[in-house]
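S.K.: This is the structure I want to talk about, given as structure tokens.
The values are calculated or read from the model by the stated rules, or taken from the named source; none is laboratory data. Keep in mind that this is a model prediction, so the values were computed, not measured. Cβ placement follows ideal geometry from the backbone for every residue including glycine, while neighbour counts extend to all protein chains displayed. Only protein heavy atoms, including side chains, enter the accessible area calculation; ligands, DNA and RNA are left aside. Shrake-Rupley method; radii C 1.70, N 1.55, O 1.52, S 1.80 Å.
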Amino acid sequence: MTAPITPDVLTVPRKLPEGSRVNLVGLTRAQLRAALVAAGTPERQAKMRVSQIWQWVYTWGVRDFAAMTNLAKDYRALLADRFEIAVPEVVSRQISADGTRKYLVRIAGGHEVETVYIPEEGRGTLCISSQVGCTLTCSFCHTGTQKLVRNLTAGEIVGQVMLARDDLGEWPEPGEGSTAGRLISNVVLMGMGEPLYNFDAVRDAMGVVMDGEGIALGRRRITLSTSGVVPEIARCATEIGCQLAISFHATTDEVRDRLVPINKRWNIKTLLDTLRDYPRLSNSERITFEYVMLKGVNDSDADAKRLVRLIAGIPAKINLIPFNEWPGSPYQRSDWERIEAFADIIYKAGYASPIRTPRGEDIMAACGQLKSATERARRDRAGL
Ligand code: SAH
Ligand code: SF4
């Protein structure tokens, strides 16, 4: 959750010490309005000022109040005094042979998360993180071996989109604005962390990213992936409105308990019942079932057939993810023929069953390989 903006902080006269300015990035329009009013913006101008600042920050990527030339000079000075427009710092950037870019991003407190940009033909997907580490311990996931350090703020989540746009040089010149042919055309919450365990920040951040006046990615271009936090799933439809992906990965509770331990809390039947009720269900908005292909664990023909039976009646597509190995990972990727045979059974049952091409493996940027480098280094030192 974004830190509450207390009038005390905002009404302190003149020069706040460095670091104590309120970051505007990630505030909802209502929060931004409240912050501006608390800083002395007249009520009757507030809506207009929100729109102007919003456009500078989110349409044109401007970070400096002085450049906001449609605002009076004194007002710009006042804003600079009370607020900042800050995005997390990129500590390093690696570019894979296939063009995938992995950013190691430092957030307040010195913690680190990873953000990955995946260019594709005619589009590009940015995979963003919602937590440092994860409370869950899915046995095939590298992030799952790192304890949860903290939730990201809404500003840190939006900030990942902004820093990637910075790096890709994607902001239009002030005064211009086009959403055609965008490098970042899609955002997936599939980086580090379980987004539904950081619901409010993720909701607010996606509200900013989807806002039609700024970054303006449509809700169909955003996909939230969850391991199955059942009580929050309906809220994803009603409060965020983005696409939903479920990390399904197994067709029996016995196997899913081992792979995705949250299954012990909310098992396959409970999860599927919730998905059947998903308020926005329609054929044009299918739920994506993610299914990691683990050799000899969940990849048999019987699994494929069970999967089809289980999801009957749910508008769905099944995204098969070849397992991505990481140092010490206890599983192997299924053979390619096995993955194709599995996909074929699902396809013949009437579901789209794309196989996700592993991207950025050479820089450990593929699904489930992310983990803070500092954490990796610490564990290496400890010989873990
Ligand atoms: N925590 C959320 C989102 C992040 S993981 C979730 O679990 O859904 C994004 C996707 O990558 C999930 O489907 C996850 O199960 C999958 N994944 C994790 N580790 C993987 C690995 N080593 N190889 C392939 N996919 C993996
Ligand atoms: Fe957390 Fe998702 Fe990894 Fe499971 S798969 S440990 S929920 S990040």
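S.K.: Is there any pair with a first residue in the range 327-338 that is free of Cβ contacts under 8 Å to residues at least 60 places away in the same chain and of a type in the set (Gly, Ala, Ser) and a second that is open to solvent by less than 70 Å² (accessible area, probe 1.4 Å) and not in a loop (DSSP other than H, G, I, E, B) whose Cβ atoms are under 6 Å apart and which are 6 or more apart or on different chains, and what are they?
M.R.: Close Cβ pairs (under 6 Å, with a partner that is open to solvent by less than 70 Å² (accessible area, probe 1.4 Å) and not in a loop (DSSP other than H, G, I, E, B)) amount to Ser334/Met293.
S.K.: Within the range 171-180, can one find any residue that is polar (S, T, N, Q) and either assigned to a helix (DSSP H, G or I) or within 16 Å of ligand 2 (Cβ to nearest atom) (or both)?
M.R.: Among the residues of the range 171-180, not one is polar (S, T, N, Q) and either assigned to a helix (DSSP H, G or I) or within 16 Å of ligand 2 (Cβ to nearest atom) (or both), which makes the answer no.
S.K.: Moving to a separate point now. Just the residues that are outside any loop (DSSP other than H, G, I, E, B), open to solvent by 20 Å² or more (accessible area, probe 1.4 Å) and within 11 Å of ligand 2 (Cβ to nearest atom), please, taken from the range 188-202.
M.R.: Hit for the range 188-202 is Tyr197, nothing else.
S.K.: Considering only residues of the range 57-74 that are buried (at least 18 other Cβ atoms within 10 Å of the Cβ) and part of a helix (DSSP H, G or I), which is nearest to the chain's Cα centre (by Cα)?
M.R.: Within the range 57-74, the match that is nearest to the chain's Cα centre (by Cα) is Tyr58.
S.K.: Among the residues of the range 220-229, is there at least one that is of a type in the set (A, V, I, L, M, F, W, C) and more than 30 Å from Arg33 (Cβ to Cβ)?
M.R.: yes
S.K.: Among what's in the range 112-121 and is closer than 22 Å to Leu183 by Cβ and in contact (Cβ under 8 Å) with a residue 60 or more places away in the chain, pick the residue that is surrounded by the fewest Cβ atoms within 10 Å (Cβ to Cβ).
M.R.: Pro119
S.K.: In a helix (DSSP H, G or I), over 30 Å from Ala250 (Cα atoms) and touching a helix residue (DSSP H, G or I) at 6+ places or on another chain (Cβ under 7 Å): does that describe Ala205? Reasoning before the result, please.
M.R.: Details: in a helix (DSSP H, G or I): yes; over 30 Å from Ala250 (Cα atoms): yes; touching a helix residue (DSSP H, G or I) at 6+ places or on another chain (Cβ under 7 Å): yes.
In short, yes.
S.K.: What number of residues within the range 284-326 satisfy the criterion of being within 22 Å of Cys236 (Cα to Cα) and within 12 Å of ligand 1 (Cβ to nearest atom)?
M.R.: Final tally of qualifying residues: 6.
S.K.: Now for a separate question. With respect to the numbered conditions (1) open to solvent by 10 Å² or more (accessible area, probe 1.4 Å); (2) within 16 Å of ligand 1 (Cβ to nearest atom), which one is the sole condition not fulfilled by Arg182?
M.R.: In the conditions (1) open to solvent by 10 Å² or more (accessible area, probe 1.4 Å); (2) within 16 Å of ligand 1 (Cβ to nearest atom), Arg182 misses (2) alone.
S.K.: Looking at the range 201-230 only, could you name the residues that are within 16 Å of ligand 1 (Cβ to nearest atom) and more than 21 Å from Leu27 (Cβ to Cβ)?
M.R.: Of everything in the range 201-230, those that are within 16 Å of ligand 1 (Cβ to nearest atom) and more than 21 Å from Leu27 (Cβ to Cβ) turn out to be Thr223, Ser225, Thr226, Ser227, Gly228, Val229, Val230.
S.K.: Looking only at helices (runs of 4 or more DSSP H) that lie completely in the range 256-372, which have at least 2 residues being open to solvent by 10 Å² or more (accessible area, probe 1.4 Å) and closer than 30 Å to Arg101 by Cβ?
M.R.: Hits in the range 256-372: 336-348.
S.K.: Which one of these does Gly155 not meet: (1) part of a helix (DSSP H, G or I); (2) closer than 22 Å to Arg93 by Cβ; (3) within 16 Å of ligand 1 (Cβ to nearest atom)?
M.R.: (3)
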